1. Among residues belonging to the stretch 282-294 that are over 18 Å from TYR34 (Cβ atoms), assigned to a loop (DSSP other than H, G, I, E, B) and not hydroxyl-bearing (Ser, Thr, Tyr), point out the one that is farthest from the chain's Cα centre (by Cα).
2. I'd like the residue in the stretch 103-148 that is in contact with a Ser or Thr (Cβ under 9 Å, 6 or more places away or on another chain) and hydroxyl-bearing (Ser, Thr, Tyr) and, out of all such residues, is farthest from ASN293 (Cα to Cα).
3. Checking the condition within 25 Å of ASN255 (Cβ to Cβ), at pLDDT 95 or above and more than 16 Å from the chain's Cα centre (by Cα), which residue from LEU327, LEU319 passes?
4. Restricting to the stretch 271-281, count the residues that are crowded, with 20+ Cβ neighbours inside 10 Å and assigned to a loop (DSSP other than H, G, I, E, B).
5. Does GLU295 satisfy the condition of being out of contact with any helix residue (DSSP H, G or I) (no Cβ under 6 Å at 6 or more places or on another chain), more than 30 Å from VAL18 (Cα to Cα) and exposed (fewer than 14 other Cβ atoms within 10 Å of the Cβ)?
6. Of all residues in the stretch 318-340, how many are surrounded by fewer than 17 Cβ atoms within 10 Å (Cβ to Cβ) and closer than 30 Å to GLN136 by Cβ?
7. From (1) charged (D, E, K, R); (2) surrounded by 15 or more Cβ atoms within 10 Å (Cβ to Cβ); (3) part of a helix (DSSP H, G or I), pick out the condition that doesn't hold for LYS157.
Amino acid sequence: MAESYSPAKLELFATRSVQEQLAEGELLVPSQKYILKDGITLPDASVDLMDVPVIDLGLLTPSSISEEEFDKLRSALTKWGCFQVINHGMTPEFLDKVREVTKQFFAMPLEEKHKYLRPADDIEGYGNDMVFSEEQTLDWTDRLYLNVYPPDLRKLKFWPENPISFRDTLDQYISQLQVITETVLKGMARSLNLEEDCFLDKYGEQRKMQARFCFYPPCSRPDRVLGVKPHGDGSLITLLLQDKEVEGLQFLKDNQWFRAPIVAEALLINVGDQAEILSNGLFKSPVHKVVTNAEKERISLAVFCLPDSETEIGPFESLINESRPRLYKNLKNYLGFYFQYYQQGRRPIEAAII
């Protein structure tokens, strides 16, 4: 029988972290809130490794343009919807520092992390899933969501003061991502023979970046519990710094799941739904999930690049023709309905399909 929760208890689940429940001995065996419905059992570790291209970002800049690298980028965007990027301007040592402050935050005592606890009706801050229904399956992860760009949207009450280097490290990281994002968006346009700034223009003057720090504790039932449910991102693009040692991210292609490889010095960049809409379906916003691990914890840091909610997103006219008719409507405020769809196990991009 499914568990029944009062509104007050639902609010409690929306804010109490997996770490907190583990510390209190509640989730040694995951409760039904986390178990996949309908008896679904996850596949074992024999999932194949995906052959995702590694792109040298330096070869996409005007001073060092490589047509071969653009061909690799075009192939990655249309076949996988994601790629790894190296030569991005950040040293391996700095990326390790970003990983380390992430680990240090989640390793702090619960009372310290609770200083940054998110409100039950808001995504920003520290906690777990927002709960929209009693039937919702929760993700086996704790998160710290932060608005990181532009600076005037930052709510510093949610920005950890410990570890001491957290704020400065994140600020440096986001500054570097600004440059990387512009280069990638121009490369995406060039790969479709479009005006170089067309994706960048849609990203807009009021562009936003949100960061999601994720911590995945060990889970005693990795066969029945997911770190993150299957979904496509609601972003324009997403830039992901993976755990250096522990795999967990998987992508769906041709109805088959593939493991994302770890390239320690690389960022993994994937197409979001809004870029798929702008490209009239030429770029693929890939469905992906995170599996759990029975023995090891895992961290990651995803940064979502988001156009302003008032920016109208629809296919570029030059990509609509007789052989490829318009596939998507024009929409504003894509994120306005994204999370409700996601928690229902539905793809928000369905709402944009003609």
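1. Ranking the candidates gives LEU282 first.
2. Of everything passing the filter in the stretch 103-148, TYR126 is farthest from ASN293 (Cα to Cα).
3. After applying the criteria, what remains is LEU327.
4. Count: 3.
5. No.
6. The qualifying residues number 7.
7. Checking LYS157 against (1) charged (D, E, K, R); (2) surrounded by 15 or more Cβ atoms within 10 Å (Cβ to Cβ); (3) part of a helix (DSSP H, G or I), the one that fails is (2).
Condition check ((1) in a helix (DSSP H, G or I); (2) surrounded by fewer than 19 Cβ atoms within 10 Å (Cβ to Cβ); (3) in contact with a Ser or Thr (Cβ under 7 Å, 6 or more places away or on another chain); (4) on the phi < 0 side of the Ramachandran plot) across all residues:
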position	(1), (2), (3), (4)
VAL184	yes, no, no, yes
GLY187	yes, no, no, yes
GLU195	no, yes, no, yes
ALA211	no, no, no, yes
PHE215	no, no, yes, yes
ARG221	no, yes, no, yes
ASP233	no, no, yes, yes
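The values are calculated or read from the model by the stated rules, or taken from the named source; none is laboratory data. Computed from a predicted model, the values in this text were never measured in an experiment. Note: ideal-geometry Cβ built from the backbone for every residue, glycine included; neighbour counts use all protein chains shown.
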